[in-house]
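Report on the structure given below.
The values are calculated or read from the model by the stated rules, or taken from the named source; none is laboratory data. A quick note: this is a predicted structure, and the numbers were derived from the prediction, not measured. Methodologically, a virtual Cβ is constructed for each residue, glycine included, from the backbone with ideal geometry; neighbour enumeration extends over all protein chains shown. Side chains are part of the model used for accessible areas, which takes the heavy atoms of the whole protein and leaves out ligands, DNA and RNA. Shrake-Rupley method; radii C 1.70, N 1.55, O 1.52, S 1.80 Å.
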Protein chains: 2
Amino acid sequence: MTSNTIASLLSKENKLQDVEVKGWVRTFRANRFIALNDGSTINNIQCVVDFENTDEAVLKRITTGAAVSIKGSLTESQGKGQQVEIQVKSIEILGDSDPETFPIQPKKHSFEFLRENAHLRTRTSTFSAVMRLRSSLSFAIHKYFNENGFYYMHTPIITGSDAEGAGEMFRVSNLDAKNPPLDEDGNVNFKEDFFGKETNLTVSGQLEAETYAMSLGKVYTFGPTFRAENSNTSRHLAEFWMIEPEVAFMDLAGNMDLAEDFMKSVLSYILEHNREDLEFLESRLLDEEKTKPQAERSEMSLIEKIKFVVDNNFKRVSYTEAIDILRNCKPNKKKKFKYIIEEWGADLQSEHERYLVEKHFNCPVILFDYPANIKAFYMRLNEDGKTVRAMDILFPGIGEMVGGSQREERLDVLKAKMKALGIDEEELWWYLDLRKYGTAVHSGFGLGFERLVMFATGMGNIRDVIPFPRTPQNAEF
Amino acid sequence: MTSNTIASLLSKENKLQDVEVKGWVRTFRANRFIALNDGSTINNIQCVVDFENTDEAVLKRITTGAAVSIKGSLTESQGKGQQVEIQVKSIEILGDSDPETFPIQPKKHSFEFLRENAHLRTRTSTFSAVMRLRSSLSFAIHKYFNENGFYYMHTPIITGSDAEGAGEMFRVSNLDAKNPPLDEDGNVNFKEDFFGKETNLTVSGQLEAETYAMSLGKVYTFGPTFRAENSNTSRHLAEFWMIEPEVAFMDLAGNMDLAEDFMKSVLSYILEHNREDLEFLESRLLDEEKTKPQAERSEMSLIEKIKFVVDNNFKRVSYTEAIDILRNCKPNKKKKFKYIIEEWGADLQSEHERYLVEKHFNCPVILFDYPANIKAFYMRLNEDGKTVRAMDILFPGIGEMVGGSQREERLDVLKAKMKALGIDEEELWWYLDLRKYGTAVHSGFGLGFERLVMFATGMGNIRDVIPFPRTPQNAEF
């Protein structure tokens, strides 16, 4: 008899059979009822121990966190709260767990405490649900792109280029840290480093993804990206995962269609496949909200929010329209914003985005056609000469989820832009080649994966949606 | 009318219709026949230009590498080599390609040359086929694990631990490279670095994956890993992708079953989904082999090799049996090996593995139960006290494809092993916690993804199966 997963036991039709199951004890109640979990589902299976015929020494070792192997018969449950349970015939303690020292007690722990015990936090219902959802979302992403004719591509993590300018970078080196070799000018001689030049961790795979879009047509990346920024906030990580599709012959309108269809598809997937995890997280969130004043509580539950995104069109609003709305809105006129919107060209701050998304439109919003001078060099200049075909997708409660654009496909315009910004043509010779040889309209976007997991799980801190978060002063585990 | 992919045009049943297609010109023959490719398939579609009614200036711009948009009618082809073709009604040049300077000419280029033009090499049939296969294998991996109840987990790329000892590491830092801050002892003060300590790029996600296996049951990683080793060979990269499943309650025998089933499943997937790409690469390989002496040619074609792995059981051989075979084999007795096998305990070199796999067994081989002192600290010590429950899977022509083991689950044995090897307990406190709280038998393995892509594509150099290879002195693009 091979052992069964708890998920399969709880879903099986044929109930009256002998089973074997292995897992970790969540609780042991009245010397009789084990709540056992093996990670295959949020639900525990109840295992009923015949304590009168079980060795006292064994009973004492059935503690929270212990690993056990149980043989018994699956039967309909007499008690409330479960359909089936296991009548235990034999139990073997595989690994003890000292109840005095095991950090994960059968009580509520703060998320801060659990972050310090990130190696054990998936033994809680909350974090196991979050990480199962993270896994499901990952699969849904690969599935979506695969079904839509995209190729998955692995762009390099170590990069010799720092032209993208998306943020501060981490240096990668194996020169002597204390006494690096110096060149004739007294600077560090990176020619002696592993790659023969200075290298950093990537901030984006976009530029490399463009090379593959311009040959394979439709590609996407899904990999880690890095920012060496000293941002100790609940929305920033130094290491996070990003999804970046890039498509040849697609313009900005197509880019918006793709992003919207993609987001709806992956969120539909978890509604279909992770119902129990979502229901658990929804109730957790409701409990948490009860401690807040009425005005700060969400109007929608977690599942309602996800369904709302799946079922409603994203509102498409040009930057120019958005500025008009913001200039004339109450918080701007009453000077409640920290940054007052006075004229066209202002960079939108999080407070403005939140107003648009959470107060004015109350749905996901795609802002597009931003002023050229607040956006990256590679974005397609519009015919007006002052805006670019950029788009940001803003989600209620999360802010920017997606940033994308149609790319500048005209060699002369791109070169002029790079020159104006002091970006070295020689460093991006290969990027320019794409505009020299068979250039075409193409577009893509980047989605911060952890932001998506936050939205889908209702977790409020980005450190709680990635297994082992990397933040300033913290690279534990 | 939205534009069609060439893959859909070549597979469609309803053939007599007006179509629009965009792609890059592979060749233009007799001022009449465009071979057009858009990356959606290895096959080009033939577009027949009515040159008598087409502007001379436009005809001149139909050059290899140019991007074009074509409208026309899909018809049955009169010529040989294709079922359908497009009778061009209008053609628009989207992006020119100067035939004098475009690096990818319609002729055979060396792989070395194409590596220097890695941003354009997927415009060749060979590299587009390789990268489509790489993408398909990636998807097959996610699909396999998803269908078998595994959760995908993202283990950290930046790590504060160097305990795994799998190889030399790259340092990640944003201290001043030339004048780093020093501590009282005159050493670099990594407390002032971004993470407050010295950090490196990961060599493996295994130890972190174990934490999730011991809570979620079955997990896997699929992410980049790094080695700062100065190996300029056709089988090593400084940055490569690895797949690492880890399963609670699974022993070494289960680990072998999993690895074999997994390999067969992902290879079956490409046989089913990438037939045309495989056929192209198979014929490429046959051409290449014709230049070799008979004795060096493969007995099997590419597709036959893949089928052989899918259809046959992997041979399971203990290290001890392998040593017996090697000690008594001809090349050992005749001292043809560089390293002569004299006694039990010898580390197997590539020449020995190749003999076993390619000469003796002539099939994939799983070697297991290696001497403890040539394997990593975390492997489960057997009852004999001298071997560990390790396994390596060796493939003909590739060598080691998979390395795995059952993990040491006993706290006292693990601690003793770490002490003997000088591994700091404090650094791996969280890893030891897994043995303190609910420990259990568990196992896993690591698969070098690029090795798998090499096997599946028949490519001989690992730099040709990853988009932008990172090797000593090379981090271009």
Q. What are the nm distances, shortest first, from residue A:289 to its equivalents in the other copies, labels at 7 Å along Cα→Cβ?
A. 6.5
Q: Tabulate in residue order the Karplus-calculated ³J(HN,Hα) for region A:152-160, using 6.51 cos²θ - 1.76 cosθ + 1.60 with θ = phi - 60°, rounded to whole Hz; enter x for Gly and Pro.
A: 7, 10, 9, 7, x, 8, 8, 10, x
Q. How far is helix A:275-290 tilted, in degrees, relative to the longest principal axis of the Cα atoms in chain A, given as a value from 0 to 90 rounded to the nearest 10?
A. 80 degrees
Q: Give B:290/B:315; B:290/B:359; A:107/B:218 a once-over and call out the pairs whose C-alpha atoms are over 28 Å from each other.
A: B:290/B:315
**Q.** 5 angstrom amide H check on residue B:20, placed H, neighbours 5+ away
**A.** B:4
Q.
Taking each residue in A:168-179, count the Cβ atoms of any other chain within 10 Å of its Cβ, then average. What number comes out?
A. 6
Q: State the answer as a single residue: which of B:256, B:142, B:179 lies farthest towards the positive end of the charge dipole of region B:129-279, with beta carbon charges of +1 for Lys and Arg and -1 for Asp and Glu, about the Cα centre.
A: B:142
Q.
Charges at C-beta only: +1 for Lys and Arg, -1 for Asp and Glu. How large is the resulting dipole of the protein assembly as shown about its Cα centre, in Debye rounded to 20?
A. 1240 debye
Q. Can you list, bin by bin at 10 Å, the percent of alpha carbon pairs in region A:6-102, starting at 0?
A. 17, 55, 26, 3
Q | FRET E, pair residue B:296, residue A:101, Förster distance 51 Å, beta-carbon r, rounded to 0.05 | A | 0.25
Q: Could you point to the residue in A:62, A:75, A:24 farthest towards the positive end of region A:6-102's charge dipole, with +1 and -1 charges on the Cβ of Lys/Arg and Asp/Glu respectively?
A: A:75
Q: Multiply the residue separation of residue A:386 and residue A:354 by 0.36 nm, subtract the distance between their alpha-carbon atoms, and state the gained length in nm to one decimal.
A: 9.0 nm
Q) Among chain B residues, which Cβ is nearest the axis of the B-onto-A rotation, and at how many Å? A) B:142, 2
Q.
Probe radius 1.4 Å, ligands and nucleic acids left out: which of A:107, B:386 has the largest accessible area, and how do the rest follow?
A. A:107, B:386
Q. For residue A:161, what accessible area in Å² do you get when you roll a 1.4 Å probe over the heavy atoms of the protein chains, rounding to the nearest 10?
A. 20 Å²
Q. Using the per-residue mean of other Cβ atoms lying within 10 Å as a proxy for protection, in what order, highest first, do the peptides B:39-46, B:215-222 fall?
A. B:215-222, B:39-46
**Q.** Descending principal axes extents, region B:185-284, alpha-carbon based, whole Å
**A.** 62, 41, 21
Q. Would you list A:246, A:192, B:289, B:52 from the most to the least accessible area, probe 1.4 Å?
A. B:52, A:192, B:289, A:246
Q) Once both axes come from the Cα atoms, what is the angle between helix A:252-273 and the longest principal axis of chain A, in degrees from 0 to 90, rounded to 10? A) 0 degrees
Q.
Residue by residue through A:298-305, how many Cβ atoms from other chains fall within 10 Å of the Cβ on average?
A. 0
Q) Based solely on its DSSP helices, what 222 nm [θ] is calculated for chain A when runs of n ≥ 4 H residues each add -39,500 (n - 2.57) and the sum is averaged over all residues, nearest 500 deg cm²/dmol? A) -9000 deg cm²/dmol
Q) Ranked highest first by average number of other Cβ atoms within 10 Å, how do B:456-467, A:341-352, A:367-378, A:438-449 line up? A) A:438-449, B:456-467, A:367-378, A:341-352
Q: Give the long-range amide H neighbours of residue B:94: residues separated by 5 or more places, or on another chain, with amide H under 5 Å away, using H modelled in the peptide plane at 1.01 Å from N.
A: B:67, B:68, B:69
Q.
In the protein assembly as shown, if the dipole is taken from +1 on Lys/Arg beta carbons and -1 on Asp/Glu beta carbons about the Cα centre, which of A:329, A:101, B:133 is farthest to the positive end?
A. B:133
(Q) What does the C-alpha gyration tensor say about the overall shape of region B:331-468? Classify as rounded when a/c is under 1.5, otherwise prolate if a/b is larger than b/c, or oblate. (A) oblate
(Q) Accessible area of region B:6-102 with a 1.4 Å probe: how many percent of it is carbon plus sulfur? (A) 44 percent
Q: Would you mind checking the radius of gyration and Dmax of chain A based on alpha-carbon positions, in Å?
A: 26.8, 86
Q. For region B:291-409, what class follows from the C-alpha gyration tensor (a ≥ b ≥ c being the square roots of its eigenvalues): rounded when a/c is under 1.5, otherwise prolate if a/b is larger than b/c, else oblate?
A. oblate
Q.
When a/c reaches 1.5 or more, the comparison of a/b and b/c decides; with that in mind, is region A:119-245 rounded, prolate or oblate per its Cα gyration tensor?
A. oblate
Q: Can you pull a Stokes-Einstein diffusion coefficient for region A:189-348 at 37 °C (0.692 mPa s), Rh from Kirkwood over Cα pairs, as a whole number of µm²/s?
A: 160 µm²/s
Q: Would you list, by chain and number, the aspartates and glutamates whose Cα falls below 15 Å from the Cα of residue A:436, excluding same-chain residues fewer than 8 positions away?
A: A:210, A:408, A:409, A:412, A:425, A:426, B:96, B:98, B:100
Q: Note the buried accessible area between A and B here, summed over both chains, with a 1.4 Å probe, in Å² to the nearest 100.
A: 8700 Å²
Q | Hydrodynamic radius by Kirkwood, which averages 1/r over all alpha carbon pairs of the protein assembly as shown, in angstrom | A | 30.4 Å
**Q.** R0 of 25 Å, Cβ-Cβ distance residue B:318-residue B:339: FRET efficiency to nearest 0.05
**A.** 0.80
Q | Solvent exposure ordering (accessible area, 1.4 Å, most first) of A:16, A:286, B:201 | A | A:16, A:286, B:201
Q.
Per-residue Cβ counts within 10 Å, from other chains only, averaged over B:462-474: what number is that?
A. 4
Q: Can you give me the P(r) profile for region A:401-465? Cα pairs, bins 10 angstrom wide beginning at 0, each as a whole percent.
A: 18, 32, 21, 20, 9
**Q.** q = 0.13, 0.15, 0.19 Å⁻¹: log10 I(q)/I(0) that the Debye formula gives for region B:343-424, counting C-alpha atoms only
**A.** -0.46, -0.58, -0.83
Q: Calculate how steeply helix A:125-147 sits against the longest principal axis of the alpha-carbon atoms of chain A, using the helix alpha-carbon long axis, and give the answer as 0 to 90 degrees to the nearest 10.
A: 50 degrees
